[in-house]
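Visitor: The structure under discussion is supplied below as structure tokens; questions concerning it will follow.
The values are calculated or read from the model by the stated rules, or taken from the named source; none is laboratory data. Since this is a predicted model, take the numbers as computed values, not measurements. A quick note on method: Cβ atoms are made from the backbone with ideal geometry, for glycine too, and the neighbour counts reach across all protein chains shown. Note: areas computed on protein heavy atoms with side chains; ligands, DNA, RNA excluded. Shrake-Rupley method; radii C 1.70, N 1.55, O 1.52, S 1.80 Å.
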Amino acid sequence: MATIFTKIINREIPAAIVFENDKVIAFKDINPQAPVHILVVPKKETVNDIKEEDKELIGEVYLAIGKIAADLGIAEEGYRVIANCNEYGGQEVFHIHFHLLGGKKLGPLV
């Protein structure tokens, strides 16, 4: 069964896309937890484990995150990148993805 992220990648459902290349797509979270809340999603459907062959893909994700942060004007003041893993880690969509949060001073993680 395709995840909501796969449906966004395939343009089956709309999203406010802020960045895209052949390996990564990024779009605004529909339930933002900060003034800037972007989901950065590899187009490969790696669900949980990052494997050896995914090294370059994860590098592409972080290059995209840096570009998006600069484009949105949050790079200088700072931002947070979070990846949740499985139920206890708070993951809701089981397609690997990263949350880019910024636009205000963020509190400590608890």
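Visitor: At 222 nm, what value in deg cm²/dmol follows for the chain if DSSP H runs of at least 4 each add -39500 (n - 2.57) and the sum is divided by all its residues, to the nearest 500?
Guide: Dividing the helical sum by the residues of the chain leaves -6500 deg cm²/dmol.
Visitor: With charges only on Cβ, +1 for K and R and -1 for D and E, what is the dipole size of the chain about its Cα centre, in debye, rounded to 20?
Guide: Numbers: 12 positive and 16 negative charges, 63 e Å.
That gives the chain a dipole magnitude of about 300 debye.
Visitor: Sort L106, L39 from largest to smallest accessible area, using a 1.4 Å probe on the heavy atoms of the protein chains.
Guide: L106, L39
Visitor: Here's a follow-up. Any idea what the relative contact order of the chain is, in percent, if you count C-alpha pairs under 8 Å spaced at least 6 apart?
Guide: 30 percent
Visitor: Using a 1.4 Å probe, what is the accessible area per residue for the chain, in Å²? Please report the intermediate quantities before stating the final value.
Guide: Numbers: 7010 Å² over 110 residues.
I get 64 Å² per residue for this part.
Visitor: Relative to the Cα centre, what is the charge dipole magnitude of segment 1-43, using +1 at the beta carbon of each Lys and Arg, -1 at the beta carbon of each Asp and Glu, and rounding to the nearest 20 debye?
Guide: That gives segment 1-43 a dipole magnitude of about 40 debye.
Visitor: Can you spot the lysines whose alpha carbon is less than 21 Å from K55's alpha carbon? Ignore those fewer than 8 places along the same chain.
Guide: Straight-line reach from K55, under 21 Å: K23, K43, K44, K67.
Visitor: As I understand it, the value is the acute angle between the Cα axis of helix 55-71 and the longest principal axis of the Cα atoms of the chain; what does it come to in degrees, rounded to 10?
Guide: Helix 55-71 sits roughly 40 degrees off the main axis of the chain.
Visitor: What does the charge count around K51 come to, taking other residues whose C-beta lies under 13 Å from its C-beta (Lys +1, Arg +1, Asp -1, Glu -1)?
Guide: -4
Visitor: When the accessible area of the chain is computed with all protein chains present and a 1.4 Å probe, what percentage of it is carbon and sulfur?
Guide: Carbon plus sulfur share of accessible area: 54 percent.
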